[in-house]
1. Give the cysteines in chain A for which no other Cys Cβ lies under 4.7 Å away, or write none if there are none.
2. Between segment B:1-76 and segment B:185-261, how many Å separate their Cα centres?
3. With 10 angstrom as the radius, rank A:Glu123, B:Glu287, B:Glu301 by how many other C-beta atoms surround their C-beta, starting from the fewest.
4. Where a Cα-Cα gap under 17 Å defines reach, which lysines qualify for B:Lys157, not counting those fewer than 8 residues away within the same chain?
5. What lysines does B:Lys104 reach when the alpha-carbon gap must be under 23 Å and sequence neighbours fewer than 8 apart in one chain are set aside?
Amino acid sequence: MNEPTRPTPVPDQDSAPFWEGCREHRLRIQKCASCGTLRFPARRHCAACGSDESTWTDASGKGNVYSWIVVNHPVPREVFAAEVPYVVALVNLEEGVRMPTNIVGIPPDQVKADMPVEVLFAEVDGMVLPKFRPRAE
Amino acid sequence: MFALRDKYAITGVGETPYTKNSGTPVLNLAVEACLKAAADAGVDVKDVDGIISYNFNDSAPAIGVATALGIPSAGYAVDFAGGGNAANLITLAACAAIEAGLAKTVLCFRAMNGRSGFRLGGGREFQARGITQYTAPFGWITYPQAMAMWCRRHIIKYGTTAEQLGEVAVSSRDNATLNPRAMQRSPMTMDDYLASRFIVEPFRLYDICLESDGACAVLITSADRAKDMKHKPVYIMGGAYGGGPNQGDDLFDAIRWPEHSRNYAAYIADDLWKSAGVGPSDIDVAEIYDCFTYSVLMQLEGLGFCKEGEGGPFVQSGAIRRNGSLPVNTHGGLLSEAYIHGFNHVLEAVRQLRGDAGPLQVKDAEIALTTAGAMTCGSAMVLRR
C-alpha cells in the first residue's frame, strides 16, 4: 500500500460548485429552484419535492456548534500525527443546514455546545477547506 | 411490522474461537460456525436450503459458504449489505424467507477476520469521494470518530458522565471474566476505565469495542419442525428493523439526522414490542449492541427501559449488572467478549434461554432481547424459550 496521503475532496457533478465556491472564499449552499429547500450535501434531486432544478446561494458563514469531538489518536498517523489534538465539529449554519468542519483558533478544551462560530477558508495541501472559528455574538 | 410471532425458532448455534489472528481464511471460519450450528440442531447440513449473511468489511459470501458446506440446493443464498445494524435483520429475513416458501431450513452467519484481516477504520487508503469528500479532509475518518459525535450530543443534552459510560464497560468486563470464550477476561475497575487514554474525546480506549477474528451462526426453521430437533426451540416472538429519517448514504452521512442524542432504537421500539406482544418489563436478559459504551445508553432509552436521557443514571444504579433488574451483555458484549458485528449477542441470548449460560446464567430467563445497531438504523429481536 502506498504511503497514506491527506484525503482530498474529489468533486463530482453535484459538489463541484461547492468546492469552487470554497476556492473563491464563498460558502455556497445548494437551493431547490422549485420549493426553495436548502440542501447539503449537494444532490441532483430535492428530497422535499423531487425537482432536479437547483441554484446556489451564498451562506452567511455564521453558525453554532451542534456537536464536536477531539481527535487524540491520529488516523492515518502519517497524515494527522502533527495535528492532534484537533477538533471536528458539526456546525448548524444560520441558514438551517448542518456541516462537518474543523474548529480552529481556540484550544480544543474550550469548545462549547452552541458556541457561535464563523467560517474561514483554510488552504491545506492545495485544497481550500471551510473551517470555523469562534465569533463574537 | 413483523407478523410471525412464535412461528419460527432458533434450533442450533455455532461459533469459532474468538481471536486476534485466526490464521485461516474467513470462509473457513464461516464454515466451522455453520457446521457447528447444524450439528447443534441435529440437522444434516446437506438439508439446509437457505443461507444468509451480512457484510461490511471482512466477510465470506453466503453462496461460497454453501458451496464449501456441500449444500446441494441453497435456494435462498443472500448477502445483506450491512454492519452491526443487520445482525437481527438476517434472522428476521430467514423467517420471512421460510414463510414465503423460499426455504425450509436456514443458516444465518457472520464471519470476519476483523483484526488480522480487514480492520475497520484503519489501514486503508481513504478516497474522499461521495459523502467522504465532506468529512475525511477534516480528519473525520474512523468509526470511533464518527460515533463520538453521537456520544457528545448525549452528553450535551443530558449531562452524561464518564462514570456512566464507564459503568457499561466495567459491567461488561465483569461478566467477561466468567466467560471462557471472551477475548478480554482480566478484571477492570472504574479507575482502570477512567485512566485509559483518550482516543477521540469523549471516548477513552475502553469505550471502544474489540477487534476480532471469528464467526457465529444460527439455524432457523419453523416451530413445527423445531419440535423434533435436539434442543428445546428458542422462538422468535417479534422483531424490527429500521431507523429514522435522513439516514444518508453511510454512517458519516448521518449529518442530517434529526438529533444525535437518540438513535434508531427510538424509531423501532413500537414495532418491536407490538410484534412480540410484550414490553420492556417482560425482558429477563438483554444483549444490547455495544460497539461503543454510549450505544447501550441510547438503546436502553429508545426501547423504553428508562426515560430518554436517563440511560446514564439507569446503568449507574446497577440495573444492567448480571444481578440487576435487567442483566445486559451477560457474555461481555462486543466490548469484552468479541466483535462479531453483534451476532455473538444472538448466540448468548439463545444460551441464556436454553439455560446453558453456565456461571453467567440469568436465573429462570424466559424472554430475551437482542439488538444490533448504534446510529441511524438497526435491528432487534425478542426471543423466548
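What follows draws every value from the coordinates through simple rules; no lab data is involved. Note that the structure is predicted; figures quoted are calculated from it, not measured. Here Cβ is always computed from backbone atoms with ideal geometry, including for glycine, and neighbour counts include all displayed protein chains.
1. A:Cys22
2. Going from one Cα centre to the other spans 19 Å.
3. Ordered by Cβ neighbours within 10 Å, fewest first: A:Glu123, B:Glu301, B:Glu287.
4. Answer for B:Lys157, where 17 Å is the Cα cut-off: A:Lys112, B:Lys307, listed by chain and number.
5. B:Lys7, B:Lys36, B:Lys46, B:Lys227, B:Lys230, B:Lys232
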